[in-house]
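Read through the structure below, which is laid out as structure tokens, and then see the notes.
The values are calculated or read from the model by the stated rules, or taken from the named source; none is laboratory data. The model shown is predicted, which means the values in this text are computed figures rather than measured ones. Virtual Cβ from ideal backbone geometry, glycine too; neighbours counted across all protein chains shown.
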Amino acid sequence: MAEENLSADDSADDGNGTADDEKKKKPVLMIVAGVVVLLLAGGGGAYFTGMIGSTPQNGPTGKVETPSVYFDMPEMVVNLASGRKRARYLKLKIALEADSQENIDALKPKLPRIQDMFQIYLREMRRSDLEGSAGVYRLKQELMRRINITIHPAEIRRVLFKEIIIQ
């Protein structure tokens, strides 16, 4: 029992000495942790806003952005597949975006073939195929795929809808 008291007294002395050290270290650790968090948040914010890690001519991805060239396709009116129901029509005005004028120049002689492909593809579509943003997105991707197959190795970057009317 005497041994228990001695060891309890020894731990009390050690406890007070280490407790005082811990009390002194706690605010210092909190301040250091706060500064580290602020530096990380500030650095992350500066990186994502483009203040660091990119040059003005390269943009945040490091790629040199090339100016786009646009080409307006002739307006198209197509009757959609409607079975025995009342006829439905789709009117489209499309602009094509390319990286260079050379890609647009490669497209122009093949324009009748592209329009023919569009007509055939669009006539098979139903009104339900074009509902919602997902339907319009799928249409965009399919038209771009068909153009790029036709004008390969030239390439169109995007198909842009200027007007879509379903009647």
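Here Ile120 clears all of (1) exposed (fewer than 12 other Cβ atoms within 10 Å of the Cβ); (2) under 16 Å from Phe71 (Cα atoms); (3) of a type outside the set (S, T, N, Q) except the condition numbered (2).
Flag not set for Val136, criterion: over 30 Å from the mean Cα position of the chain (by Cα) and not in a loop (DSSP other than H, G, I, E, B). Could you go through segment 148-165 and let me know if any residue there is part of a strand (DSSP E or B), exposed (fewer than 11 other Cβ atoms within 10 Å of the Cβ) and among the hydrophobic types (A, V, I, L, M, F, W, C). Within segment 148-165, one or more residues are part of a strand (DSSP E or B), exposed (fewer than 11 other Cβ atoms within 10 Å of the Cβ) and among the hydrophobic types (A, V, I, L, M, F, W, C).
Out of all the residues in segment 129-143, which are over 18 Å from Ile156 (Cα atoms), free of Cβ contacts under 8 Å to residues at least 24 places away in the same chain and among the aliphatic types (A, V, I, L, M)? Once the filter is applied, which keeps residues that are over 18 Å from Ile156 (Cα atoms), free of Cβ contacts under 8 Å to residues at least 24 places away in the same chain and among the aliphatic types (A, V, I, L, M), segment 129-143 yields only Ala134.
Could you pull out the residue among Val78, Val69, Val64, Val136 that is β-branched (Val, Ile, Thr), modelled with pLDDT of 90 or more and loosely packed, with under 15 Cβ neighbours inside 10 Å?
Val136 is the lone residue from the list that is β-branched (Val, Ile, Thr), modelled with pLDDT of 90 or more and loosely packed, with under 15 Cβ neighbours inside 10 Å.
Touching a helix residue (DSSP H, G or I) at 6+ places or on another chain (Cβ under 9 Å), at pLDDT below 75 and either outside the structural domain of Asp129 (by TED's automatic domain parsing) or surrounded by 12 or more Cβ atoms within 10 Å (Cβ to Cβ) (or both): is that true of Gly44 in this structure?
Criteria not met by Gly44.
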